[in-house]
Every structure is written in structure tokens, then in C-alpha cells.
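Readers should treat all values here as calculations from the given coordinates under stated rules, not as data from a laboratory. The model shown is predicted, which means the values in this text are computed figures rather than measured ones. Cβ: placed from backbone, ideal geometry, glycine included. Neighbour counts: every protein chain shown.
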Amino acid sequence: MAVTVNMPTKMVGNDRILSLRPIEGKSSVATNGLIDKRLFTGDNKLHAIRGPNDSMWHLRYDSGIVPAALQQKFTSFNILFKLVTEYFNKRNIEVKEIFE
């Protein structure tokens, strides 16, 4: 069951933090061990960052390497968010909140 995240209407920042949590009643699934449990506690964060030179969005963790499927550049935050949501939903993880 996917939960719809209400994005703030006036997000203008170039660094947005995507807060993740396991889907209730399911265990998170990682096919290759790349799901860091610290993402659920806040000790590690997933950042969506817009580059200052090219205005393209990309993802990074505070600590660690972003999975290969997410190592892309995106023309808009909405496209990035859609891919992140689909990627993590397949692993029984949902985006809980978005912070600027």
C-alpha cells in the first residue's frame, strides 16, 4: 500500500531531504544489501540536490553510496520523486516526508 506524500506547495530549496520508513507490516527488502537501516532512524539521510551549474537534480546520502538505479540526473524534482518512490516501494519502503 503506497501512501501519498503531500509535498509542500512552495518548495524552492536546492537541497531537499526525503525521509523514509518501512511500510507497516512488511520488512524492507534489499536484493544486494544497499538499504541502510540508518535511513529509517534519521542517522543517514537521502538528499535530492539541484546542481548550481546545470539545474539538474541528483541524489546523495549523508554517508554511503546511492544505489546504481538512482545514480542519475533528473530535469525536475517531480521526475526524481517518482523514480525514488517506485524504487523504494518495490523494497517495501515509503517516502514519509520531504524537508527543505
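Data table
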{"quantity": "Ranking of Val12, Val66, Val95 by count of other Cβ atoms within 10 Å, fewest first", "calculated": "Val12, Val66, Val95"}
{"quantity": "Karplus (6.51, -1.76, 1.60) ³J(HN,Hα), θ = phi - 60°, over segment 58-65, in Hz, Gly and Pro reported as x", "calculated": "8, 10, 8, 9, 4, 9, x, 10"}
{"quantity": "Under 24 Å from the Cα of Lys26 - lysines, other chains or at least 8 residues apart", "calculated": "Lys37, Lys45, Lys82, Lys90, Lys96"}
{"quantity": "Relative contact order %, segment 26-100, counting alpha carbon pairs below 8 Å whose residues are six or more apart", "calculated": "26 percent"}
